[in-house]
There are 2 protein chains.
Amino acid sequence: MEKQFRLNLKKNKLKFSVTVTLKKDVLDPQGKVVQNTLVNMGMSNLKNIRQGKHFEIEVDENDTEVAQKKIDEMCKKLLVNLIIEDYKINKI
Amino acid sequence: MEKQFRLNLKKNKLKFSVTVTLKKDVLDPQGKVVQNTLVNMGMSNLKNIRQGKHFEIEVDENDTEVAQKKIDEMCKKLLVNLIIEDYKINKI
């Protein structure tokens, strides 16, 4: 009985990845520094590099859609600055 | 003629995304802080959150395989600390 309960608990976990990137027209000084460093190291055919953030989020939820809505709320409230950043949520 | 040349130049561009994550057993204090904040904001069914880095890289290259090898070299030499981090390269 308890074992079954624990199995159910484990089944509830859903995992998502969130990728946050700067909007196209926003300058990315950190990416620029990385780019210059790579070019100085001899990577001459590097054209462009931009840096962003990546989150792996696990939630206790059965329903993928509800979970996705929760993640979306987290992004909007804390993880993403919607003025200068875009985000994408993927189920893993 | 010149237009054709420019078109070819444009065709040479390949775009990759690189996701860098902390290895499973490495502590992620930044992720922990985000997790605590989200729980304090009322997201009670959040189970775990880990933060990583994300790069979008464009290279001047025709051959996907050669380009991928270049990106791999960039990761090993600069972008990733192989002792504590894992990385994944994806073609966009």
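The values are calculated or read from the model by the stated rules, or taken from the named source; none is laboratory data. Note that the coordinates shown come from a computational prediction; the quantities given were computed from them, not determined experimentally. Neighbour counts are summed over all protein chains in view; Cβ atoms, including those assigned to glycine, are modelled from backbone coordinates with ideal geometry. Note: accessible area is taken over every heavy atom of the protein model, side chains too, but ligands, DNA and RNA are not part of it. Shrake-Rupley method; radii C 1.70, N 1.55, O 1.52, S 1.80 Å.
Scanning segment B:47-72 for residues that are free of Cβ contacts under 8 Å to residues at least 24 places away in the same chain and open to solvent by 70 Å² or more (accessible area, probe 1.4 Å) yields a total of 4. The residue of segment B:12-25 that is least open to solvent (accessible area, probe 1.4 Å), among those that are in a loop (DSSP other than H, G, I, E, B) and either free of Cβ contacts under 8 Å to residues at least 24 places away in the same chain or within 15 Å of B:D86 (Cβ to Cβ) (or both), is B:K23.
Just one of the numbered conditions (1) part of a strand (DSSP E or B); (2) closer than 18 Å to A:M43 by Cβ; (3) away from chain A (no Cβ under 11 Å) is not true of B:D86: (2).
Within segment B:40-59, track down each residue that is at the interface with chain A (Cβ under 7 Å from one of its Cβ atoms) and either more than 17 Å from A:V34 (Cα to Cα) or not in a strand (DSSP E or B) (or both). Of everything in segment B:40-59, those that are at the interface with chain A (Cβ under 7 Å from one of its Cβ atoms) and either more than 17 Å from A:V34 (Cα to Cα) or not in a strand (DSSP E or B) (or both) turn out to be B:M41, B:M43, B:N45, B:L46, B:K47, B:N48, B:I49, B:R50, B:Q51. Return the pair list, or none, for Cβ contacts closer than 7 Å from residues in segment A:77-92 that are within 16 Å of A:K15 (Cβ to Cβ) to residues that are of a type in the set (S, T, N, Q) and surrounded by 13 or more Cβ atoms within 10 Å (Cβ to Cβ), at least 6 apart or on different chains. So the pair list comes out as A:K88/A:T19; A:I89/A:Q68; A:N90/A:S17; A:I92/A:S17. Do we find a residue being open to solvent by less than 40 Å² (accessible area, probe 1.4 Å), assigned to a strand (DSSP E or B) and at pLDDT 95 or above anywhere in segment A:26-33? Looking through segment A:26-33, none of the residues is open to solvent by less than 40 Å² (accessible area, probe 1.4 Å), assigned to a strand (DSSP E or B) and at pLDDT 95 or above. Residues in segment B:34-46 that are of a type outside the set (V, I, T) and surrounded by fewer than 19 Cβ atoms within 10 Å (Cβ to Cβ): B:N36, B:N40, B:M41, B:G42, B:S44, B:N45.
Kindly establish whether B:K32 is more than 20 Å from A:K76 (Cβ to Cβ) and more than 7 Å from chain A (Cβ to nearest Cβ). Spelling it out, B:K32 is indeed more than 20 Å from A:K76 (Cβ to Cβ) and more than 7 Å from chain A (Cβ to nearest Cβ).
Quick one: how many residues across segment B:35-88 are more than 30 Å from A:D60 (Cα to Cα) and not charged (D, E, K, R)? Before you say what the answer is, go through the steps one by one.
Restricting attention to segment B:35-88, the residues satisfying the condition of being more than 30 Å from A:D60 (Cα to Cα) are B:56-83.
Now narrow it down to the ones that are not charged (D, E, K, R): B:57, B:59, B:62, B:64, B:66-68, B:71, B:74-75, B:78-83.
Number of matching residues: 16.
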